[in-house]
Amino acid sequence: MSRGADIVSVVEAGYRLDLSGAAWLEEVARAAGPQLMDGLGAFACFFDRDVGDPSQIVSSVTNIDSDDRLLASLRAAFEMGTREDRNRSLRLGGPVIRLSDLSDTPLLENPFYAELAKSIGFSEMFAIRAMNPDGKGAFFATPTRPGTRRNAEWIARWSLVSAHLSAALRLQQAAKATQADASAILTPAGRVLSLSKGAENARDVLRDAAVEMDRSRSKRGRKDERTALAGWRALVDGRWSLVDHFESDGKRHIIAVENAPLTPDPRALTPEERPVLHYVAMGHANKLIAYELGIPQGTVATRIAAIMRKLGVGSRVEIVDRYMALTQMEFARVGTTSGAAVYSGASQRGASKKEALLTPAEREVTGLARRGLSNREIAVKRKCAQQTVTNIMSAAFKKLGVSSRAELGRLEHQR
C-alpha cells in the first residue's frame with residue numbers, strides 16, 4: 001500500500017521488515033519528516049542500554065539533513081556524561097523526551113549545545129524513543145526552532161507511533177515475520193485463511209484487528225490520524241503483531257505473528273504482568289500501556305493491582321522504586337529449595353551527590369513522596385500549608401534534575 005505524508009505512513013514504514021539497520025532507520029525518519037522535523041533535519045540511531053561501554057551503546061547513527069556538528073555534540077555529551085545522565089535518556093520518561101529534560105542546565109547554558117544552538121538556530125530537541133523491556137530500542141530525534149510548540153496532543157500521537165516502532169524492532173531482532181511464523185493468515189477484509197492451534201480462541205479478535213488495521217490505512221482513514229492510530233493497536237490481545245505479507249502474485253495478506261515483549265522476571269510475576277510492570281516503570285499511563293499491549297485499560301489496572309500485591313508496595317511510585325531495585329541488582333545463586341534455585345541479590349548503588357544538596361526539609365518531603373504520600377498528605381503530616389510542600393518539592397526536583405514523582409522514585413536506583 002502506498003504511503004503519503006501522514007502519521008500512519010510512519011507506522012507503515014516501521015513495519016517495513018524487508019529493511020534492516022540504517023536503511024530501516026532512514027526509511028522511518030524520512031516517513032516521519034513532514035510532521036516530525038522543523039526544517040533542521042533529524043537523527044536516528046539504535047541503542048542497547050545494557051552495553052557496558054558508553055561509546056558502544058548507540059549504533060547505526062543516521063543523519064537526515066541535519067548539521068554534523070550537532071550530532072558530534074550529542075555523542076560527546078552522551079559518552080562523557082555520568083551514568084546518571086545516560087540513565088535519564090535510556091530509562092526515564094515516556095516515549096517522547098526533550099533534550100532540556102535530560103540536562104542539569106538550560107539548553108542555552110549547556111556547554112555542549114549553547115554555541116551550536118545559537119549558530120544553527122535551535123532551542124530544543126525532541127526525541128521519539130522506541131524502547132523495549134530488554135533495553136534495546138531506537139531514537140528518532142529532531143531539533144526545533146525557537147517558538148515551535150509541541151503540545152500534549154502531539155506528544156500523545158507520537159507516543160502511539162513509538163509503541164508500533166518498539167513492536168517492529170522486536171520483530172526485526174527476532175527475524176520472524178514470515179508466513180511460516182504466522183499464528184494466523186487473514187485477508188485485509190478480515191477473512192481468516194488459516195489459524196494455528198494456539199490462536200483458535202482469538203479468531204474474532206484477530207479478525208476485528210485486521211479489519212481495523214486496514215481501515216486505518218485507507219485513504220479515508222488517514223484523514224483522521226487520531227482515530228486511525230487508536231484503531232490500529234501496537235499488539236493484539238497482548239500477543240500478536242499484524243504485518244503485511246505479499247504472495248508471489250502480489251496479493252496482500254495480513255499475518256499475525258507472536259511478538260509479546262520479553263521482560264526480566266522480577267519475582268513471581270506472570271508473563272502477562274511483566275510487560276505491564278516495565279511500562280509502569282517507564283512512566284507510561286494506563287491508557288498508553290493498554291495501547292502498547294492491545295488489551296483493555298481495565299485489564300491493565302487489574303494487572304497493576306496484582307503487581308502491587310506481589311511486590312508488596314502501595315503506590316505507583318513504589319512500584320517504580322521496587323522495579324529499579326530488582327533490575328539493577330547483581331544476583332548470585334546461593335542454593336536450592338524444593339528443587340528450585342535460590343538467588344541472593346546485592347545492590348550496585350553508590351551515594352547520590354545530588355541528594356547531598358537537599359535541605360533537611362527537602363529530604364523529608366521527597367522521602368515521604370517516595371513512599372506514595374500526596375502533597376496534601378505530606379502537608380498534614382508536617383503540619384504546614386500544602387503550597388509550602390509544593391514549593392519544597394519544586395526546589396528538590398530542580399536540584400535532583402527530575403520533573404515528576406515517577407522520576408523521583410526511579411532516581412534512587414540509578415546511581
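Every number in this text was worked out from the coordinates using simple rules, so none of it is lab data. Since we're looking at a predicted model, the values are computed, not measured. Cβ sites come from the backbone with ideal geometry, for glycine too, and all protein chains shown count toward neighbours.
Report the percentage of all Cα-Cα pairs in the range 355-411 whose separation exceeds 15 Å, rounded to a whole percent.
Counting every Cα pair in the range 355-411, those more than 15 Å apart make up 38 percent.
Sorted largest first, the spans of the alpha carbon positions of the chain along the three principal axes are 71, 65, 41 Å. Inter-label distance, Arg150 to Ser218: 3.3 nm, where each label sits 7 Å from its Cα along the C-beta direction. Pairwise Cα distances in the range 271-325 exceed 17 Å for 24 percent of all pairs. Electrostatic tally near Ser315: other residues with Cβ closer than 10 Å to its Cβ, Lys and Arg +1, Asp and Glu -1, net +2. Report note on the peptides 215-221, 401-407: ranked by the mean count of other C-beta atoms within 10 Å, highest first, their order is 401-407, 215-221.
Selection among Ser216, His245, Ser196 by position relative to the dipole of the range 179-258 gives Ser216 as farthest towards the positive end (Cβ unit charges, Cα centre). Taking the chain as a Gaussian network, where each spring joins two C-alpha atoms under 10 Å apart, which residue of Met213, Met282, Met308 fluctuates the most? The residue that fluctuates most here is Met308. When only the Cβ of Lys, Arg, Asp and Glu is charged (+1, +1, -1, -1), the dipole of the range 179-258 relative to its Cα centre reaches about 380 debye. Equivalent ellipsoid of the range 179-258: semi-axes from √(5λ) of the C-alpha gyration tensor, largest first, are 21, 15, 10 Å.
Dipole orientation for the chain: of the candidates Ala163, Thr366, Ile7, Thr366 has the Cα lying most toward the positive pole (charges on Cβ; Lys, Arg +1; Asp, Glu -1).
Taking 7 Å steps out from each Cα toward its Cβ at Ser20 and Thr388 produces label points 6.2 nm apart. Among Leu70, Leu102, Ile392, pick out the residue whose Cα is farthest towards the positive end of the charge dipole of the chain, where Lys and Arg carry +1 and Asp and Glu carry -1 on C-beta, about the Cα centre. So the residue furthest toward the plus end is Ile392. Distance between the modelled labels on Ala301 and Ser55, one decimal in nanometres: 5.1 nm (7 Å Cα→Cβ projection). Charged neighbours of Asp38, selected by a Cβ distance under 11 Å, balance to +2 (K, R count +1; D, E count -1).
With semi-axes defined as the square roots of five times the eigenvalues of the C-alpha gyration tensor, the equivalent ellipsoid of the range 1-147 measures 24, 19, 13 Å, largest first.
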